[in-house]
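Colleague: Sharing a structure with you now.
The values are calculated or read from the model by the stated rules, or taken from the named source; none is laboratory data. On a predicted model such as this, the values are computed, not experimentally measured, just so you know. Ideal geometry is used to build each Cβ from the backbone, glycine not excepted, and the neighbour counts take in all protein chains shown. Ligands, DNA and RNA are stripped out before the accessible areas are found, and what is left, the full protein with its side chains, is counted by its heavy atoms. Shrake-Rupley method; radii C 1.70, N 1.55, O 1.52, S 1.80 Å.
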Amino acid sequence: MGKMERFSFVALVAGILFFLFADFISWALPMFVMKDIPKKSVADLAAEAISKNTSAWSDFNKLYRYYPEQFKKFCEYEDMYSGSGKIEEAECKPNEKTFAKALKVGHRWYVAEGCWNCHSQMVRPVSNETLRFGIPGVSNTVSYPSEFNNELQAPVLWGTKRVGQDLIREAAVHNVGWHVAHLYNPQSTSPGSVMPPYPWYFEKDSKGNIVPNARGLALLTYIMWLGSWEVKPPESFRMEAKQ
Amino acid sequence: MAGNQDLQNLVNYGLVKAHVAMGLIFFIIVGLMGFLYSLQLDGIYPFLGIEFLSPGRVRMIHTAGAAYGFLVNMFTGLLYWAVPRFTGYRILSDALGWFMFIALQAAVLITVVSILFFGMADNVEWGETPWWLDPIIVFWLLLHLMQFGAPLFKASQRGPLYVTGWYVSAMLVWTPLVVFMGNLIPRFWSVGSGAGAVQSTFIHDLVGLYVTPVAWGLMYYFVPVIMKKPMWSHGLSLLGFWGLAFFYPMNGVHHFLWSPIPMFAQYSAVFATVAVEFAVTSVLINFMMTLRGSAEQLKYNVPLRYMYTGAIFYWITCFQCAFHVTLTFQKVIHFTDWVTGHAHLIMFGTFGLWVLGMAEYVWPRLFGKETMYSKGLSEGAYWLLMIGVLAMFFDLTAAGLVQGFDWIGLNPWIDSVNFSKPFWYFRSIAGIMMLTGLFMYALNFYKTATAKAGLSAELREA
Ligand code: HEM
C-alpha cells in the first residue's frame, strides 16, 4: 500500500495513465470513428454554397446590392485574429473570396461577442427540437456530425446554454431586413427580447441611413449562412412544379 | 513540533498573502461581472451600446475570470501554505513563486483586455482566453508542477504521502495536460464533433482534475488540522481518491448528451458520472464521520462551518448530477438555467465557500493574529453567502424546469424568455446578497490585516 501513496506512483498512474485512458475513450476513439468525414476549409464552404446556389449565397448577393458602399469597406477590412486580409478592388464583388472572408470575419465576431453563450448550434433528436428549429419541411433536420466538420467549428460552437433560440437552422427563418433590424435593436422585431443591441455593427451611410458596417455585413452573412446547406425548396413547391 | 520560527522559514507568508488577496479581489470582480450580466437578462443593463462592455463579453470575463483569476489564485495561495507544512519541505524557489505570481496576474489582465477591448476570444467555456495565450498558461502550469512537485517529491522519498499529497500530486500533472488538451486540440488538431468531445472533456476536467482535487486535497489538510484529530478512515480516503482519479476524467462527454458525438462515448460518460457519485459519497462519509463528536465546533468556528456547508452542497450537487446526467433528464434540462444553478452550487456553494473558509483560517495567522477582526462581519458574511447561493440554486433549478418544458411544448420562443424573467430578477437579488457577503468578508480581511494590536482569542468569544 505504501507505494500507492508516493508522488511518482500517483503522478504516473493517476496523473498520466488514467488521464490517457479516459481521453482515449472520451475523444480519441470518437475522433477515430469519424476520421473519414472530410474536413472542409472556409474556402470549401464558400465554393459549396456558390455551386449549390444556397440561400446563404443569395442573401450575400442581396447584402452586396443593398449596401454597396459598405461592401467596399468590407473588402478593405483587415483582421489579424481571423487571418483575413484586404481584397483587391477588381475582385470586390460577391465571389468565392469575398464570401469566404465574410464567413471568417463573421464567425470571429460571433465568437468575440459571446453570441454562443446565449445561442446553441445543435438540434437534438429529442424534445421536439426538430419541429422547433428551422422551418418544417424546409430546414428542420436533426444535427449530424458531418455538418460540423469544417474550420468554422473548431472549437465547435454547440454551446451549453440557450437564452435565445438555436441558430444552426437559422438560414430560412428570417430575411435580410429582419436580421439587420434585429441586430441593431432586438426589441424592434421581438418585443420583450433580452438580447443586447449591437449598434457597433452599424454606421450612417452618405444619406444618413443606418446601415451595417464592414464587420456587420460579415456577421449577418455568417448568421444567414448557418443551416443554409439544409434549406430545400418546400415540398408543395416541388409537387406543383411536377404537375 | 516545529516552533513558529521554523514554520515561518518553511512557508513563504508573502506569497500566501499575495495570492489569497488577489484571489479575493478577483472573487469580487467575478461576482460583479456575473451580476452585471444578470442585469441584461432583467432588461436593465446599464451599459448598453458600449462595445467593450457588451453583456456577451462581460460573461466571458465572468467564466474565464472565475477559473484563472479567482480559483487559480486562491488555490495557489493556499497550496503555498499547506504543501510545505504537511511535507516539511520548502517550495522549489521563492523567486520563481514571485515570478509566477506576477505572470498569473498578467495573464488574467491580458485575457480581460483582449476579450473586452479587442474581441479576441475562444469559444471554449472556461477557456475563453485567446489561443495565443494558452501555450503560456501551459508553461505556467509546468512551473507550478515543479514549484509544488519539489517538496512532494522530496517528502515521498522518506515515506508515504499524506492524502492531500496524492490529490495535489495528481492535480499537478493533470492540469497542464488538461489546459493543453482543451484549448489547443480543438483549435488546431480537430474540428466539429471531435472538437466537441475534446471541449466537453475540458469543461469537465478543469473542474474535475484541477479544482476538485486541489479543493479536496486542501480539505483533507485543513479539516483535521482545525479539529485537531485525524480523518476517520484511511481506507475511505484511498477509495475516494482512486475512484475519483479513475472515473472523473471520463465524465466529460456528459456535457454534450444527445449531440452528434458517437453514442458509446456518451454512454461511457453517463456510466462514469454515476460511478463518481459513489466515490464522492465515500469521501463525504469520511468527512462526516470525522466530524462525529466535534459537531459543536461548527457553532463557533466559522472556517470549519464554511467547509462543512460546502461539503454538504458538494454532495447535493453530485446527487443531483446522478439524475440529470441520464438521457431522460437531459431532454428537459439541457441548455436551461437548471445547469447554471448546478454550476453555481458547485463553484460558489462548494469551492467558493471552501476557499473562503480556508482563507479565513489562514489569514489571521499570516499576520500573527489569533482571530479575525470582527466576529459579526465573519458571521454575517457566512449567512449571506450561504443563503444567497442556496436561493440562487433553487431559483435557477425551478427556472430550468419552466424553460425546458416550455420549449418542449413548442410555444413561441419569447414566451420562455418572459416566463424566465421573474426567476432572473430573483437571481439578481440573490446575487446582491452574495456580493454583500463578499464585501463584508473582504472588509473583515482588510481590517484584520491592518489592525494594530494583535487580536486575541478572548475578543472572539466576546
Ligand atoms: C455574485 C455572484 C455571482 C453571480 C450573480 C453570477 C451570475 C452568473 C450569470 C448571470 C451567469 C450566466 C448564466 C447564463 O448564461 O444564463 C453565470 C454563469 C456562470 N458562472 Fe456565475 N455568478 C456569480 C458567481 C460565480 C462564481 C464565484 C463562479 C465560479 C467560481 C461562477 C461560475 C459560473 C459558471 C461556470 C457559469 C457558466 C454556467 C453555464 O454555462 O450555465 N459564478 N453566473
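Colleague: Dividing the convex hull volume of the Cα atoms of the stretch B:281-391 by its residue count, what figure in Å³ per residue is obtained?
Modeller: Spelled out: Cα convex hull of the stretch B:281-391, divided by residues, is 109 Å³.
Colleague: A follow-up question, please. Report the one residue of A:ALA214, A:TRP225, A:VAL123 whose Cα lies farthest in the direction of the positive end of the charge dipole of the stretch A:41-242 (charges on C-beta: Lys and Arg +1, Asp and Glu -1; origin at the Cα centre).
Modeller: Positive-most Cα among the choices belongs to A:VAL123.
Colleague: Simple spin-label model, 7 Å along Cα-to-Cβ: A:LYS35 to B:LEU48 in nm?
Modeller: 5.2 nm
Colleague: With point charges of +1 on the Cβ of Lys and Arg and -1 on the Cβ of Asp and Glu, referenced to the Cα centre of chain B, which listed residue (B:THR350, B:ALA295, B:ALA195) lies farthest in the positive direction of the dipole?
Modeller: B:ALA295
Colleague: Over its Cα atoms, what ratio of radius of gyration to 2.2 N^0.38 Å does the stretch A:1-77 give? Show your work: numbers first, answer last.
Modeller: Numbers: Rg = 25.5 Å, N = 77, 2.2 N^0.38 = 11.5 Å.
This ratio for the stretch A:1-77 stands at 2.22.
Colleague: Assign unit charges at the C-beta atoms only (+1 for Lys and Arg, -1 for Asp and Glu), then state the dipole size of the stretch B:1-161 relative to its Cα centre in Debye, rounded to the nearest 20. The partial results should precede the final answer.
Modeller: Details: 7 positive and 8 negative charges, 120 e Å.
Computed about the Cα centre, the dipole is about 580 debye.
Colleague: Okay, next question. Evaluate peptide B:147-160: per residue, the Cβ atoms of other protein chains within 10 Å of its Cβ; return the mean as an integer.
Modeller: 3
Colleague: Just tell me how shielded B:42-54 is by partners: mean number of partner chain Cβ atoms within 10 Å of each residue's Cβ, no decimals.
Modeller: The shielding value for this peptide is 3.
Colleague: Pairs to check: A:LYS161/A:LYS204; A:LYS97/A:LYS207; A:LYS52/A:LYS101. Give those whose C-alpha atoms are more than 27 Å from each other in this structure.
Modeller: Exceeds cut-off: A:LYS161/A:LYS204; A:LYS97/A:LYS207.
Colleague: Residues in the stretch A:186-208 near a label at A:GLU69, defined as backbone nitrogen under 11 Å from the 7 Å Cα→Cβ point?
Modeller: It comes to A:203-208, nothing else.
Colleague: What number, rounded to the nearest 500 deg cm²/dmol, is the helix-based mean residue ellipticity at 222 nm of the protein assembly as shown, given -39500 (n - 2.57) per DSSP H run of at least four residues and division by all its residues?
Modeller: -20000 deg cm²/dmol
Colleague: Let me ask something else. If you average the sequence gap of Cα pairs under 8 Å that are 6 or more apart and divide by the length of chain A, what percent do you get for the contact order?
Modeller: The value is 25 percent.
Colleague: Please sort by residue number the trypsin sites (Lys or Arg not before Pro) in the stretch B:145-230 whose DSSP state is loop and whose Cβ has at most 16 other Cβ atoms within 10 Å.
Modeller: Answer by residue number: B:LYS228.
Colleague: Can you list the residues of the stretch A:118-146 whose accessible area drops by at least 40 Å² going from the chain on its own to the full set of protein chains, with a 1.4 Å probe?
Modeller: A:MET122, A:ARG124, A:VAL126, A:SER127, A:ASN128, A:ARG132
Colleague: Using a 10 Å cut-off on Cβ to Cβ distances, tally the other chain neighbours for every residue of B:121-128 and report the average as a whole number. Walk me through the numbers on the way to the answer.
Modeller: Numbers: counts 7, 3, 16, 3, 6, 0, 1, 4.
Mean partner shielding for this stretch: 5.
Colleague: Please list, by residue number, every one of the trypsin sites (Lys or Arg not before Pro) in the stretch B:34-124 that is coil in DSSP and has at most 16 other beta-carbon atoms within 10 Å.
Modeller: When the trypsin sites (Lys or Arg not before Pro) of the stretch B:34-124 are filtered for loop state and at most 16 Cβ neighbours within 10 Å, B:ARG90 remain.
Colleague: If you don't mind, there's one more thing I want to ask. Which one, A:PHE133, A:GLY2, A:LEU103, projects farthest toward the positive side of the charge dipole computed for chain A from Cβ point charges (K/R +1, D/E -1)?
Modeller: Comparing the listed Cα positions along the dipole, A:GLY2 ranks first.
Colleague: Hey, any idea what % of the stretch A:5-103's accessible area is carbon plus sulfur with a 1.4 Å probe?
Modeller: Working: 3120 of 5170 Å².
So the carbon and sulfur contribution to the accessible surface is 60 percent.
Colleague: May I pose another question? Once the Cα atoms of helix B:13-41 and of chain B are each reduced to a long axis, what angle between those two axes, in degrees from 0 to 90 to the nearest 10, is obtained?
Modeller: Long axis of B:13-41 versus the principal axis of chain B: about 20 degrees.
Colleague: Suppose all protein chains stay in the model; what accessible area per residue would a 1.4 Å probe give for the stretch B:1-161, in Å²?
Modeller: 36 Å²
Colleague: How about A:LYS3: which lysines have a C-alpha closer than 26 Å to its C-alpha, ignoring those fewer than 8 places off in the same chain?
Modeller: B:LYS154, B:LYS229
Colleague: A further question follows. Would you mind telling me the share, in percent, of accessible area of the stretch B:1-161 contributed by carbon and sulfur at probe 1.4 angstrom?
Modeller: Carbon plus sulfur share of accessible area: 73 percent.
Colleague: What's the buried accessible area, both sides, between B and A using a 1.4 Å probe, rounded to 100 Å²?
Modeller: Summing both sides, the interface buries roughly 7400 Å².
Colleague: In the stretch A:1-82, which trypsin sites (Lys or Arg not before Pro) are in a loop and have at most 14 other Cβ atoms within 10 Å, using DSSP for the loop call?
Modeller: A:LYS35, A:LYS52
Colleague: Kindly identify chain B as rounded, prolate or oblate by the Cα gyration tensor criterion: order the square roots of the eigenvalues as a ≥ b ≥ c, call it rounded if a/c is under 1.5, otherwise compare a/b with b/c, prolate if a/b is larger, else oblate.
Modeller: Details: a/c = 1.44, a/b = 1.32, b/c = 1.09.
It is rounded, given that a/c, with a ≥ b ≥ c, falls under 1.5.
Colleague: Then there's this: Amide H to amide H under 5 Å from A:LYS40: which residues, 5+ apart in sequence or cross-chain, H placed 1.01 Å off N in plane?
Modeller: Here the answer is A:ASN150, A:GLU151, since their amide H atoms fall under 5 Å of that of A:LYS40.
Colleague: Shifting gears a bit: Using only the alpha-carbon atoms, how far is helix B:302-324 inclined from the longest principal axis of chain B? Give it as 0 to 90 degrees, nearest 10.
Modeller: With rounding to tens, the tilt is 30 degrees.
Colleague: Once you have a ≥ b ≥ c as the square roots of the Cα gyration tensor eigenvalues for the protein assembly as shown, tell me rounded if a/c is under 1.5, and otherwise prolate or oblate according to whether a/b is larger than b/c.
Modeller: Prolate is the answer for the protein assembly as shown, as a/c is 1.5 or above and a/b outweighs b/c.
Colleague: Filter the DSSP H helices in chain A by two things, a Kyte-Doolittle mean of at least 0.5 and an axial alpha-carbon span of 15 angstrom or more, and list the hits by number.
Modeller: A:214-225
Colleague: Based on DSSP loop calls and a cut-off of at most 16 other Cβ atoms within 10 Å, the longest stretch of chain B free of exposed GluC sites (Glu not before Pro) is what?
Modeller: B:1-295
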